[in-house]
Amino acid sequence: MAIRKIITPPDPLLKKPSMLVAEVDDTIRELVRDMFETMYDAPGIGLAAVQVGVPLSVIVMDTSGEGEEPRPLALINPEVVWTSDEQREYEEGCLSVPEVYDTVVRPAEVRVRYLDLDGKEQERTFSGMDATCVQHEIDHTKGILFIDHLGRLKRERYLKKVIKKAKQAQEA
Ligand code: NI
């Protein structure tokens, strides 16, 4: 297992749609193990493979709170097949957009079809924080960041902030 480096803007990979996984093999399972390790280390509640520089449609998440049993979930080739009319707002953040938080409105419930780590097709309905998290991560597989859901001015301001911080860190 290894902690992998999380990419940030202006890395062009973050804007690129990920490729579907053709076969869930040991390489994918190793990628998933590394993604969990990277996500827990950060710490975060979700991570997409593209965020560690691998443009494959793979996401991991664990929205358990402190002191709760962990609920790790890996989804390969996830696809939203149903969304509720009801919406939910949440102040989101992203490991690829450090120190930026803003409110995003998304469907309150979604049904997602995906492959599990054995390559079996599964469907699961997500609600509450899980719904927000799974939609945020599926967005990453399409080259979409949570700040892309905000207005253009806000998005540009946040991008400038992140890029400036990364430059400062490099120079330090
Ligand atoms: Ni994110």
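Where in the chain lies the longest segment free of GluC sites (Glu not before Pro) that are both loop residues by DSSP (not H, G, I, E, B) and have at most 11 other Cβ atoms within 10 Å?
87-172
With r defined as the distance between the Cβ atoms of LYS142 and GLU99 and R0 fixed at 22 Å, what FRET efficiency is calculated, to the nearest 0.05?
0.40
So how much slack lies between MET129 and ALA2, counting 0.36 nm per residue of separation and subtracting their Cα-Cα distance, in nm?
43.0 nm
Counting other Cβ atoms within 10 Å, keep those with at most 15, restrict to DSSP loop, and tell me which trypsin sites (Lys or Arg not before Pro) in segment 1-68 are left.
Here the trypsin sites (Lys or Arg not before Pro) that fit, given the DSSP loop and packing criteria, are LYS5.
Could you size up the charge dipole of the chain around its Cα centre, putting +1 on the beta carbon of Lys and Arg and -1 on that of Asp and Glu, and report it in debye to the nearest 20?
1040 debye
Counting helices only, and only those DSSP H runs with n ≥ 4, report the 222 nm mean residue ellipticity of the chain as the sum of -39,500 (n - 2.57) divided by its residues, in deg cm²/dmol to the nearest 500.
Only helices count here, giving -9500 deg cm²/dmol.
Could you tell me which residue out of VAL58, VAL80, GLN168 lies farthest along the dipole of segment 12-171 toward its positive end? Charges go on the beta carbon: Lys and Arg +1, Asp and Glu -1, centred on the Cα centre.
GLN168
For the chain, with equal point scatterers placed on the C-alpha atoms only and solvent neglected, what are the log10 I(q)/I(0) values from the Debye formula at q = 0.08, 0.14, 0.19 1/Å, to two decimals?
-0.23, -0.73, -1.35
List the residues of segment 105-125 whose backbone N lies under 19 Å from a point placed 7 Å from the Cα of SER84 along the Cα-to-Cβ direction.
It comes to 105-113, 123-125, nothing else.
So who's got an amide H within less than 5 Å of the one on SER96, skipping anything under 5 residues away but keeping other chains? H placed 1.01 Å off N, in plane.
Those qualifying (amide H under 5 Å, at least 5 residues apart or on another chain) number zero.
We did not get these values from a lab; they are worked out from the coordinates using the rules stated. Source: prediction; values computed, not measured. Counting neighbours? That spans all protein chains shown, and the Cβs are built from the backbone with ideal geometry, glycine included.
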